[in-house]
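Trainee: Below is a structure I'd like to ask you about.
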Amino acid sequence: MHSKIIIKILGLLLMLFSLSLLPPIVVSLIYKDGATLAFITVMIGLLIVGLALWLPTRHHRQELKIRDGFLVVVMFWTVLGFVGALPFYIEHEVPLSLTDSIFESFSGLTTTGATVLTGLDNLPHAILWYRQQLQWMGGMGIIVLAVAILPMLGIGGMQLYRAEMPGPLKDNKIAPRISETAKALWFIYLGLTVACAVAYWFAGMNWFDAIGHSFSTVAIGGFSTHDASIGYFDSIQIEAVAVFFMFLSGINFALHFSAFRNLNSKTYLSDAEFKAYSAFLLAGIIITTGYLYFQNVYPNFEDALRYGVFQTVSIATTTGFANANFSAWPAFVPIMLIIMSFVGGSAGSTAGGIKMIRFVLLIKQGLREIQGLLHPNAIRPVKLGGKPIPEKIMTAVWGFLSVYVFTFVILMLTIMALGVDQITAFSAIAAMINNLGPGMGEVAANFSSMSDPVKWVLTFAMLLGRLEIFTLLVLFTAAFWRK
């Protein structure tokens, strides 16, 4: 374990995060909301701590090993989650305890979108901006941004990238150098954010809301600047923009890059995961809309379609925006939507969940097992896009699913033991581990009613979901620490 190089990286990343507090400071000065001092205090404090870690180790140059990469990722997300809570805790206009501040911070950085705040419409603009910005930074992962500059410091970034990026095909790079891969991903990410903000503005939002919601839309986060979320605007045009960009953000960003580089939209149609992702959402929309209409939840088909499309895309992509109280619909629909969030978006996207590519591979593996009953001696490799998938990847997918389900059950039973009812416990853990946000029962609106011990369990579940289980759990194994 290269302790000095790990300390150097943490110092560098803390300094980078301290600079990210400049935009909230500017917003606070523009709106004169009184939150300037809290952000300046935190920024200076983080800058000093980051320098204290970086300066003594700045001349150390070593290639990171795989264990170092996992440790840096987990340590940084944990540290960042805690220090990111400081503005919430220090600012007197935000009535949050230390536990609630940490919960809100982790929820933003992990793009979960669960909140303990109420009265968003009356909070300082700087705090509202900061919440949205946290999600945007967490969406693609600040570490993927950092590996673009780490090579200049003599630090290989591949192990950070492997530990940070979601999905089972982590070794696939879209550029020969890892720094170029990170830059390409952020180029697409930034481009989508700008396009989304402009589209929101044209649809009727003011610039503050447009930029803020573009942050959480492209990050598939779900935070809003209003208590009523997207429903605050009551605009079909704004909802259409949200649906379009939620859909785009749930697609593998490497696929976006390939389509942009080749200027060929057919790139999407040739991708098996994209086709499965699109079909999955379409099926969910048809079922939800039909059920809402035929159960007379809405008086006409147009309303059923409007709310059915929006909530299906929002929940299934694990964004968590709301234009209606979906938890009040007939129980079949919200349960189905939460189950859809377990699948989530594509690997390499900002979405949570198991990821569509794993879901597709699991189905194909199941079909292969059924065929094997009829033809036990036949060799039938699982194929994706016409190419056989190595058995190593199939084993990893099954292993991931088993650990995912086991972890979900343990966490759900834990908060039930702490006094949470079954529906609330199921939906709360699902919302956390899938980085979804809204739940059912007591957590349909927000998580403020949960006790502090429950919030700590939920915070841990958010981090597990963001780092895709293994990246965090591997630190709890004896083999990881063995020399």
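Trainee: With LEU248, LEU263 as the choices, which residue is under 18 Å from the mean Cα position of the chain (by Cα) and surrounded by fewer than 20 Cβ atoms within 10 Å (Cβ to Cβ)?
Mentor: LEU248
Trainee: Quick check on my filter: what residues within region 338-356 are closer than 20 Å to TRP136 by Cα and either surrounded by fewer than 24 Cβ atoms within 10 Å (Cβ to Cβ) or aliphatic (A, V, I, L, M) (or both)?
Mentor: If the condition is that a residue be closer than 20 Å to TRP136 by Cα and either surrounded by fewer than 24 Cβ atoms within 10 Å (Cβ to Cβ) or aliphatic (A, V, I, L, M) (or both), then ALA347, ALA351 are the ones that fit.
Trainee: Please verify whether GLY34 is buried (at least 16 other Cβ atoms within 10 Å of the Cβ) and either under 27 Å from the mean Cα position of the chain (by Cα) or not charged (D, E, K, R) (or both), treating the condition exactly as stated.
Mentor: It is false that GLY34 is buried (at least 16 other Cβ atoms within 10 Å of the Cβ) and either under 27 Å from the mean Cα position of the chain (by Cα) or not charged (D, E, K, R) (or both).
Trainee: Only one of ILE429, ILE389, ILE433 is in contact with a strand residue (DSSP E or B) (Cβ under 9 Å, 6 or more places away or on another chain) and crowded, with 18+ Cβ neighbours inside 10 Å. Can you tell me which?
Mentor: After ruling out the rest, the residue left standing is ILE389.
Trainee: Before we move on, is PRO330 out of contact with any helix residue (DSSP H, G or I) (no Cβ under 6 Å at 6 or more places or on another chain) and in contact (Cβ under 8 Å) with a residue 12 or more places away in the chain?
Mentor: Yes: the conditions hold for PRO330.
Trainee: I want to confirm something. Restricting to region 73-116 and keeping residues that are charged (D, E, K, R) and farther than 19 Å from ILE220 by Cβ, which single residue is surrounded by the fewest Cβ atoms within 10 Å (Cβ to Cβ)?
Mentor: GLU93
Trainee: Six or more apart or on different chains, Cβ under 8 Å: which pairs go from a residue in region 264-284 that's within 17 Å of LYS355 (Cα to Cα) to one that's of a type in the set (Asp, Glu) and at pLDDT 95 or above? Could you list them?
Mentor: none
Trainee: Which one of these does VAL403 not meet: (1) closer than 30 Å to TRP136 by Cα; (2) free of Cβ contacts under 8 Å to residues at least 24 places away in the same chain?
Mentor: (2)
Trainee: Then there is this: Residues that are under 18 Å from ARG131 (Cα atoms), charged (D, E, K, R) and in a helix (DSSP H, G or I): does region 82-98 have at least one?
Mentor: No, region 82-98 contains no residue that is under 18 Å from ARG131 (Cα atoms), charged (D, E, K, R) and in a helix (DSSP H, G or I).
Table: residues versus (1) outside any helix (DSSP H, G or I); (2) of a type in the set (Ser, Thr, Tyr); (3) at pLDDT 55 or above; (4) under 17 Å from SER224 (Cβ atoms).
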{"position": "GLU104", "(1), (2), (3), (4)": "no, no, yes, yes"}
{"position": "LEU117", "(1), (2), (3), (4)": "yes, no, yes, yes"}
{"position": "ALA126", "(1), (2), (3), (4)": "no, no, yes, yes"}
{"position": "TRP129", "(1), (2), (3), (4)": "no, no, yes, yes"}
{"position": "MET152", "(1), (2), (3), (4)": "no, no, no, no"}
{"position": "GLY156", "(1), (2), (3), (4)": "yes, no, no, no"}
{"position": "GLY167", "(1), (2), (3), (4)": "yes, no, yes, no"}
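Trainee: Considering only residues that are in contact with a helix residue (DSSP H, G or I) (Cβ under 7 Å, 6 or more places away or on another chain), assigned to a loop (DSSP other than H, G, I, E, B) and either of a type in the set (Asp, Glu) or at pLDDT below 95 (or both), which ones fall in region 4-37?
Mentor: Selection gives SER20, ASP33, ALA35.
Trainee: From the set of residues in region 269-307 that are more than 18 Å from ASN323 (Cα to Cα) and hydroxyl-bearing (Ser, Thr, Tyr), which is farthest from the chain's Cα centre (by Cα)?
Mentor: Applying the filter and picking the extreme gives SER270.
Trainee: Now a separate question. Touching a residue at least 24 places away in the same chain (Cβ under 8 Å) and more than 26 Å from PHE233 (Cα to Cα): which single residue out of VAL309, VAL343 fits that description?
Mentor: On inspection, the qualifying residue turns out to be VAL343.
Trainee: Continuing with the same structure: Just for region 436-456: of the residues that are in contact (Cβ under 8 Å) with a residue 24 or more places away in the chain and of a type in the set (S, T, N, Q), which one is surrounded by the most Cβ atoms within 10 Å (Cβ to Cβ)?
Mentor: So, considering only residues that are in contact (Cβ under 8 Å) with a residue 24 or more places away in the chain and of a type in the set (S, T, N, Q), the one surrounded by the most Cβ atoms within 10 Å (Cβ to Cβ) is ASN446.
Trainee: Same structure again: Given the options LEU458, LEU367, LEU384, name the one that is within 24 Å of LEU337 (Cβ to Cβ), out of contact with any Pro (no Cβ under 9 Å at 6 or more places or on another chain) and among the aliphatic types (A, V, I, L, M).
Mentor: None of the others qualify; the one that does is LEU458.
Trainee: Kindly indicate whether GLU468 is in a loop (DSSP other than H, G, I, E, B) and either surrounded by 16 or more Cβ atoms within 10 Å (Cβ to Cβ) or in contact with a strand residue (DSSP E or B) (Cβ under 9 Å, 6 or more places away or on another chain) (or both).
Mentor: yes
Trainee: Cβ-Cβ under 8 Å, sequence separation 6+ or interchain: first residue in region 457-483 and touching a residue at least 24 places away in the same chain (Cβ under 8 Å) and within 19 Å of GLY348 (Cβ to Cβ), partner crowded, with 21+ Cβ neighbours inside 10 Å and of a type in the set (S, T, N, Q). Which pairs?
Mentor: That search, which allows pairs on different chains as well, returns GLY465/THR110; GLY465/THR112; GLY465/ASN434; GLY465/ASN435; ARG466/THR110; ARG466/THR111; ARG466/THR112; ARG466/ASN435.
The values are calculated or read from the model by the stated rules, or taken from the named source; none is laboratory data. Predicted model only: the values in this text are computed from it and were never measured. All Cβ positions, glycine included, derive from the backbone under ideal geometry; neighbour counts span all protein chains shown.
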